[in-house]
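Visitor: Submitted below is the structure of interest, expressed as structure tokens.
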Amino acid sequence: MAVPSRLRGVLAAFAATSPIAMGLALALGACGPSKSGQCGELVDVINRGVTVLAQGEKQRANDPTGTVELRAMADTMDKVAEELHALKLDLPELRDFASKYEQLAKDASLSARAVADAADQKDKPGVQKAQEKLTQVVRQEDGIIEGINGFCTR
């Protein structure tokens, strides 16, 4: 069973909207060194994950069902969650943002695997339910990213 094209749109949107604005990197110079450095570390972890996700999007021709791409997305999000968990952030606000994004990454990973598993089992209701959960999880990202951008540019 192929992953519905609507879900592939969610994956594309996730990869396209996830990178934190380049303007943020320029604005970080205006912050104190500790805040600037910690913001940079957090942004780097998130952006590395998004870069890997975007590269996975380019492999569609080799993955007609979409399940390989979903599992790769899940693996990437697991790695992002681990890297965020390992960050040593002193600022409570950044620890909170990292924690929220870590949970988002874990939830996205679980949901992506659930969609792939349901697709492999040709379970249309299961695909739809897992797809809805994944979409719901991905929608949370914008608020977290906006919070990071707002905090790190002040």
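Visitor: Measure up K79/K122; K106/K133; K35/K100; K88/K133; K79/K124; K100/K122 against 21 Å on the Cα-Cα distance and list the ones that go over.
Guide: K79/K122; K88/K133; K79/K124; K100/K122
Visitor: Okay, next question. Which order do the peptides 84-93, 122-131, 108-117 take when ranked by the mean count of other beta-carbon atoms within 10 Å per residue, highest first?
Guide: Going from most to least packed, we get 108-117, 122-131, 84-93.
Visitor: Given R₀ = 22 Å, FRET efficiency for D75-K122 by Cβ-Cβ distance, to 0.05?
Guide: With a Förster radius of 22 Å, E is 0.45.
The numbers here are math on the coordinates, done by the rules we state, and not lab data. The structure presented is a predicted model; accordingly, all values stated were derived computationally and were not measured. Positions of Cβ are generated from backbone atoms using ideal geometry, with glycine treated the same way; all protein chains shown enter the neighbour counts.
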